[in-house]
1. For the range B:201-214, does any single residue satisfy the condition of being of a type in the set (D, E, K, R), touching a residue at least 60 places away in the same chain (Cβ under 8 Å), more than 9 Å from chain A (Cβ to nearest Cβ) and surrounded by fewer than 15 Cβ atoms within 10 Å (Cβ to Cβ)?
2. When the residues of the range A:273-286 are filtered to those that are buried (at least 21 other Cβ atoms within 10 Å of the Cβ) and facing another protein chain (nearest Cβ under 8 Å), which remaining residue is nearest to B:VAL242 (Cα to Cα)?
3. Kindly establish whether B:PRO62 is closer than 20 Å to B:THR312 by Cβ, in contact with a helix residue (DSSP H, G or I) (Cβ under 7 Å, 6 or more places away or on another chain) and modelled with pLDDT under 95.
4. Which residues, counting only those in the range A:244-259, are more than 7 Å from every other protein chain (Cβ to nearest Cβ) and under 22 Å from A:ALA176 (Cα atoms)?
5. Right, A:ARG196: more than 17 Å from B:PRO254 (Cα to Cα), of a type in the set (D, E, K, R) and touching a residue at least 40 places away in the same chain (Cβ under 8 Å) or not?
6. Using the structure shown, decide if A:GLU307 is surrounded by fewer than 19 Cβ atoms within 10 Å (Cβ to Cβ), touching a residue at least 40 places away in the same chain (Cβ under 8 Å) and more than 14 Å from every other protein chain (Cβ to nearest Cβ).
7. Can you name every residue in the range B:70-99 that is closer than 20 Å to B:GLU307 by Cβ and part of a loop (DSSP other than H, G, I, E, B)?
8. Please work out if A:LEU56 is in contact with a Pro (Cβ under 7 Å, 6 or more places away or on another chain) and either part of a loop (DSSP other than H, G, I, E, B) or more than 14 Å from chain B (Cβ to nearest Cβ) (or both).
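The values are calculated or read from the model by the stated rules, or taken from the named source; none is laboratory data. Every value quoted in this text rests on a predicted model; they were computed, and no experiment measured them. No Cβ is skipped: glycine too gets one built from the backbone with ideal geometry, and neighbour counts run over all protein chains shown.
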Number of protein chains: 2
Amino acid sequence: MQSRFFTLSRYPEGRPERELFQLETQTLPDLAPGEVRIRNHWLSVDPYMRGRMTGLHTYVPPFELGKPMEGGAVGEVIASRDERLKEGDLVGHMGGWRDIAQISSASVQVLPDFGVAEQAYLGVLGMPGMTAWTGLNRIANCQPGDNVLVSAASGAVGSLAVQLAKAKGCHVVGIAGAANKLAWLESLHIEPVSYRDRSAEELGDAIQLASPKGIDVVFENVGGTCLEAALSQLNEGARIAVCGMIDSYNAKTPVPGPSNLAQLVVRKARMQGFIVADHWQHYPDFLKEVAPQVVDGKLDYKETVKEGLENTPDAFLALFDGDNTGKMLVKLN
Amino acid sequence: MQSRFFTLSRYPEGRPERELFQLETQTLPDLAPGEVRIRNHWLSVDPYMRGRMTGLHTYVPPFELGKPMEGGAVGEVIASRDERLKEGDLVGHMGGWRDIAQISSASVQVLPDFGVAEQAYLGVLGMPGMTAWTGLNRIANCQPGDNVLVSAASGAVGSLAVQLAKAKGCHVVGIAGAANKLAWLESLHIEPVSYRDRSAEELGDAIQLASPKGIDVVFENVGGTCLEAALSQLNEGARIAVCGMIDSYNAKTPVPGPSNLAQLVVRKARMQGFIVADHWQHYPDFLKEVAPQVVDGKLDYKETVKEGLENTPDAFLALFDGDNTGKMLVKLN
């Protein structure tokens, strides 16, 4: 049996070129003991993957050049040499960027059976959902009645952060760009604020209009102007959960940080970075709280779907243009 | 009886001009019930006072234009209409920037009797010492064995932060400028690092040499290049206590922040601003721990002393030139 997969030919500077991603084909060897073979149905592409394309070891090791790339995926077991997994099982795993994954079974998880679509485990009930929940609750200690600001509020993580905060009884402001994204936020009774053509000061003024009582919790996905504007509106004791700073991921030269960081002192505020993997022991708590909301249709989760393995790099690159609403996924045929 | 005091004639932009500070004289009225009259011996000037010269209400209200300025002071009670205080008592209070203070007794504290010089209660055993202790222990959760970085390490607060961290069993790096300050740090077995003529990257390299195992705790007084260099050297789970950002206090135009704030995510680090006043209920704990170190001569605290009330503005302005080693004080005759 053959597997088609993507490799990275070198580490990019700035925005990755499409040509760096090579589609290769390999004939799979026989399954070794403890291995499993999975036909992938859905692949995940995520902004954090840019951090694995640098050659620097950060919190996840870099992609190895010339080796199959990795990423979240869900699919169906088609062969197994681990008795825990059997043919037909629907599983989640990290053997993405390929159609057929043959990997160690150790990190392969059978999907829970909540009766939701399987790709939900790459989004609302997977890493992005868990990230939103962790940042709000475990990092920012979000409480009912808080005034919450979320940047990239229609992205995979942000679109869930705004809704989880709203469900908690918060006043929620979401920053986005495109008109359809702002309209979607408004439809959920989230205050929409556009960052387009606005300086940090202008964006700060717009946030103030949308949240006249200031901001207690920031869920930061972007950095740059969004963070500077957020800092200008903090209440005393505000908490900023820093999930990402997509603004700087493709920068070739250093992007200056916010000029008003001293607001952390004035407002006695806390800014804290986090990586969801460190909090995975709380995944059952997350599922318990959020899965019923998904089943009951109370969480409006969006997906942007590209079809076909060969379009995986384009799906990934589109993340940096804000082309997705909600979770960006690749559907395999 | 007459009181001589300073007023501010308008709120400055950028570095305050000497001419903004007016020395005025007033004949004091008779003492009202609950008031006390104090002959000041020592006045404190501190960087935070710049924040009271903006007309904006931040965490302390601005100085009122044309009214006596305020600040930490110690002196001797010369008349009292509060039975708690009697003539001859040595007291600490906020009626500084003047020679004779006539104020409500409510916020006047009799100095504890540890047998140390009275001006110590404006420095090592006062607000700066309490700030160093609070930032290290209560904000950054500094533990024995941590690698600690302190900017403005020979300043009033920094010089105590380095020593308290050292006494706790930490590896301590101190950033300073002048050769005599670096030599002083070295004499205390603190790794001295100069920021002079160094880019953030170069300063980061120097910190790495001085602390090859990275940085677990940052006590930040400066911001700017110092903070960017510190961010580049963080270990996972690092804590940054932000005490101040003196770099930006006199800026007329916004100073860009560090370009590598995303390190907070990569290193899962926490950056938290604080104001010592919020932690004052722990002052007795601080005194219990630190006063014996002062009495036993284990804390090498420095003072820079200007003589005479009329030199108070110059003493204050010199803070922004790094002219002081340790606590800047004004001694009255």
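1. Yes, that holds for at least one residue.
2. Among those that are buried (at least 21 other Cβ atoms within 10 Å of the Cβ) and facing another protein chain (nearest Cβ under 8 Å), it is A:GLY273.
3. yes
4. Hits for the range A:244-259 are A:ILE246, A:ASP247, A:TYR249, A:ASN250, A:ALA251.
5. Judged against the criteria, A:ARG196 is not a match.
6. No, not satisfied.
7. B:GLY72, B:GLY96, B:TRP97, B:ASP99
8. So A:LEU56 fits the description; yes.
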